[in-house]
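Have a look at the structure below before the remarks.
The values are calculated or read from the model by the stated rules, or taken from the named source; none is laboratory data. None of these values were measured; they are calculated from a predicted model. Please note: Cβ atoms are built from the backbone with ideal geometry, for glycine as well, and neighbour counts cover all protein chains shown. Heads up: the accessible areas ignore ligands, DNA and RNA and are worked out on the full protein's heavy atoms, side chains in. Shrake-Rupley method; radii C 1.70, N 1.55, O 1.52, S 1.80 Å.
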Amino acid sequence: MTEALTIRSLTTTTELEDVRTLESRVWGEEEATPVHQTLTAVKNGGLVLGAFLNEKLIGFQYSFPGFDGNCVYLCSHILAVDPAYRSMGIGAKLKYAQRQESKKIGYSYISWTYDPLESANGYLNIGKLGAICSIYIENCYGDMNDPLNADLPSDRFVVEWASTEDTKRAQPLYTPDQIMDASLTQWTLTDKGFPSVIGIDERWLNRDVVSVAIPSAFQQMKEVSPSLALDWRMRTRRVFQTCFAKGFEVTGFMKHPESSAPVHFYILTKKEVQK
């Protein structure tokens, strides 16, 4: 089905109204990004890309210029795919199209934030795209009331993705068993089948490569056991902040070899050992 998918830049008010409607449907927010804002962005170095199937808008990506004190980059703010078309690789296709367009415009890299406990986003952003992260922001957006973020601090990774194609860092060769054994977050299963942190094994911080286990189904966990989801938020907040302070950065994401496993793993590498 995705062979018929087309992705193009959106610049008219009519197109951007459709984007706003899709954003409201995906995120469950009445106050989606106003058209006057997206229109202004695309007229001043920003991008709104739409993914179409049979001329139906089924996904979009919205970004605008940012400045880090040294250079201008592309700040990727929203990516959304119609729920009826999830798990078809459309998000990745939108990101690759975004990279191509950003390179044409002259941006050296793209940056965005995401919730580090959302494993699907971790797999896309780190595992597939090859973005890297060494910045963790506590409660980045304050209290949020949408279904995905309600009742938890809105902690976020800040990732960077180079506009050139060769973006993945060299990874030391470790087997899946070694990655799982080196997890800083030690866990066990609850009687409801969710992972629960039982301790933080900081002895692995002396290594050049460590891993951090996270729940594979964080939203389901939050619905059934909000207190457990909050515990994961606070425990992993401390772990990632400790790792980043010690010179690690997130360079990989590994799904558990068992498809129904309750956890997946981030891979963190010391910056000085990367080639």
Sorted largest first, the C-alpha extents of region 64-150 along its principal axes in whole angstrom are 35, 31, 21
Can you check what the net charge comes to around Leu189, using other residues whose Cβ is under 15 Å from the Cβ of Leu189 (Lys, Arg +1; Asp, Glu -1)? -2
Could you compute the FRET efficiency for Arg25 and Thr188, with r as their C-beta to C-beta distance and R0 at 30 Å, rounded to 0.05? 0.20
Give a residue-ordered list of calculated ³J(HN,Hα) values for region 49-66 (Karplus: 6.51 cos²θ - 1.76 cosθ + 1.60, θ = phi - 60°; whole Hz; x for Gly, Pro). 10, x, 9, 10, 10, 6, 6, 9, 6, 10, x, 7, 9, 10, 8, 8, x, x
Quick one: which residues, 5+ away or cross-chain, put their amide H under 5 Å from the amide H of Asp155? H built at 1.01 Å from N. Asn139, Cys140
Work out the charge dipole of the chain with +1 on the Cβ of Lys and Arg and -1 on the Cβ of Asp and Glu about the Cα centre, then indicate which of Ala150, Ala51, Ser163 is farthest towards its positive end. Ser163
Using only the Cα atoms of region 62-104, each taken as one equal point scatterer with no solvent, compute I(q) by the Debye sum, divide by I(0), and report log10 of the ratio at q = 0.21, 0.22, 0.26, 0.29 Å⁻¹. -0.74, -0.78, -0.95, -1.05
Counting only DSSP beta bridges with both residues in the chain, what percent are antiparallel, rounded to the nearest 5? 95
Express in Å², to the nearest 10, the accessible area of Glu223 obtained by rolling a 1.4 Å probe over the protein heavy atoms while all chains stay in place. 150
Per residue, the convex hull volume that the Cα atoms of region 197-275 enclose (Å³): 96
Above-threshold pairs, the threshold being 29 Å between Cα atoms, out of Lys128/Lys246; Lys56/Lys104; Lys192/Lys270: Lys192/Lys270
Taking every other residue with Cβ under 10 Å from the Cβ of Phe60 and scoring Lys and Arg +1, Asp and Glu -1, one gets -3
Can you tell me which of Ala51, Ala131, Ala92 moves the most in a GNM of the chain? Springs connect C-alpha atoms under 10 Å apart. Ala92
Residue-count net charge about Ser225 - beta-carbon cut-off 14 Å; Lys, Arg +1, Asp, Glu -1: -1
Over the chain, with a Gaussian network built from C-alpha contacts below 10 Å, which listed residue (Gly142, Gly69, Gly193) shows the highest mean-square fluctuation? Gly69
Connecting C-alpha atoms closer than 10 Å in a GNM of the chain, tell me which of Asn206, Asn139, Asn70 has the biggest fluctuation. Asn70
Based on the inverse mean of 1/r over its pairs of different Cα atoms, what is the Kirkwood hydrodynamic radius of region 124-275, in Å? 16.1
Sorted largest first, the Cα spans of the chain on the principal axes come out in Å as 55, 43, 37
Which value in Å does the Kirkwood hydrodynamic radius of region 1-101 take, with 1/r averaged over all unlike C-alpha pairs and then inverted? 13.8
Which three extents, in angstrom, do the Cα atoms of region 57-211 have along their principal axes, listed largest first? 48, 37, 33
